[in-house]
Structures are given as C-alpha cells and as structure tokens.
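Visitor: Sharing a structure here in structure tokens format.
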Amino acid sequence: MSESMTASAPAPADALTFDYELTIADVRSALRARTRAVRSARLMKIVLPAAYAVFVAGVVAKGVEQRDWNPLVSFGLVILMVLWGSPALQARSAHKTLEREGRTRTTVAAGGLAGTSANGSRSMAWSAFGRYTEAKDLFVLLSADKRAGCLVILPKRALTGPGDVDRLRALLDASLPRVQR
C-alpha cells in the first residue's frame, strides 16, 4: 500500500471510511461465506456427512445382536455434535479474539485498506488478498492462500451513506476477483 494510505492519513476523495464493531453474527456469516468460497471447506461439508452415513450403514449391516451399542451410539452422537456444533464454536472463538479490538475504523481506497482500533492500526495492499465474496450482510476479503486462512470482515451495516455499498463493491471489483457462490 502506498505511503499515503496509512491509518492516520486523511482518506482520498474516492475512499470509503466507516466505523463498526464486529458481532458474533458477522463472524458466523463470514465463516459461512468463506465455506462457500473455498473448495476444501465445501468438500468437508460433503465428506463428513458421507463418512457418517457410511459409519451408520456399516453398523446396521453387522446386525443388532453382534454389537455393543452404547459406544457406537455415543461415538455417532459425538460425530453429529462436531458436524453441527463446530461452526458455532469456531464463530464464538473467533469473535472472542476480535472482540478485544473493539470499535474499528476502516478506510477502503484504490490502494488497499487501512484500519485503526483500540489495539493499534494496520494497512494492507490489495495484493494481501486473493479474492473476496459477498454475503447478504457483509463483504469478506479472503487471503490469497488456497484455504483462505485469513479474512477481513466488512459489515454492510457500517456503510451509512446512500450508495456506499455499491461504491465499496465497485472498489472491491476493481481490485480483487469476486467469488460467486
């Protein structure tokens, strides 16, 4: 990012500056959007339930009288809890980390983005990101690695001016490829 695009510098005329505090709903929505955008995450949504179905079919095929059912049922319930509970736990854990940042002020411009919070400031050029995706309530900038291990969440509710969402979308489209899922 250029020298003029730091967190304390005045924003260029075409930049969008907005304040927000991330909620657990924002994090949950961002993780769902990441899952739709990343191939390996989409595969896990298919592979884990399929593995559970194979496990259940194998247990049933062996017959009722040849099994000690308590450990099998317990194991099956644990797998189900992991399948359905881990996204919520992941969102809660990420939110606890992000909560320490408090209120964030982010500026998005042609050169990249810059943000300040109670714990510091950061600026990132568009080259730090590989792509972005849009959810109903937010934009998610994904890192360039295959699994998108890092992401930046930009909630739409923080854009208060008329046409700000369209302006942000145009800035992102000009700088990053959009993942359509």
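The values are calculated or read from the model by the stated rules, or taken from the named source; none is laboratory data. Small disclaimer: the values here were computed from a predicted structure and weren't measured. Please note: Cβ atoms are built from the backbone with ideal geometry, for glycine as well, and neighbour counts cover all protein chains shown.
Visitor: Given the structure, is Gly102 within 15 Å of Glu21 (Cα to Cα), in contact (Cβ under 8 Å) with a residue 40 or more places away in the chain and of a type outside the set (Lys, Arg)?
Guide: yes
Visitor: Which of (1) at pLDDT 90 or above; (2) closer than 16 Å to Met124 by Cα does Arg169 not meet, given it meets every other one?
Guide: Only one criterion is unmet by Arg169, namely (2).
Visitor: What are the pairs with Cβ atoms under 8 angstrom where one residue, in segment 13-33, is more than 23 Å from Ala148 (Cβ to Cβ) and the other, located anywhere, is assigned to a helix (DSSP H, G or I) and at pLDDT below 90? Sequence gap at least six, or different chains.
Guide: Here the result reads none, with nothing in segment 13-33 linked to a residue that is assigned to a helix (DSSP H, G or I) and at pLDDT below 90.
Visitor: Here is a follow-up. Here are some residues: Arg67, Arg131, Arg147, Arg100. Which one is among the charged types (D, E, K, R) and at pLDDT 80 or above?
Guide: Selected residue: Arg131, the only one of Arg67, Arg131, Arg147, Arg100 that is among the charged types (D, E, K, R) and at pLDDT 80 or above.
Visitor: In segment 114-168, what residues are small (Gly, Ala, Ser), free of Cβ contacts under 8 Å to residues at least 40 places away in the same chain, within 22 Å of Asp14 (Cβ to Cβ) and surrounded by 15 or more Cβ atoms within 10 Å (Cβ to Cβ)?
Guide: Ala128, the sole residue that qualifies.
Visitor: Would you confirm whether or not segment 83-91 contains a residue that is aromatic (Phe, Trp, Tyr) and at pLDDT below 90?
Guide: So far as segment 83-91 goes, yes, one or more of its residues are aromatic (Phe, Trp, Tyr) and at pLDDT below 90.
Visitor: Then there's this: Pull up segment 18-45, narrow it to residues that are buried (at least 18 other Cβ atoms within 10 Å of the Cβ) and modelled with pLDDT of 85 or more, then point me to the one that is farthest from Ser117 (Cα to Cα).
Guide: For segment 18-45, the residue satisfying everything is Ser29.
Visitor: Could you list all residues from segment 131-162 that are touching a Phe, Trp or Tyr at 6+ places or on another chain (Cβ under 7 Å) and of a type in the set (Gly, Ala, Ser)?
Guide: Result: Ser143, Ala144, Ala158.
Visitor: Taking segment 114-128, which residues are closer than 19 Å to Lys156 by Cα and touching a Ser or Thr at 6+ places or on another chain (Cβ under 6 Å)?
Guide: Ala114, Gly115, Ser117
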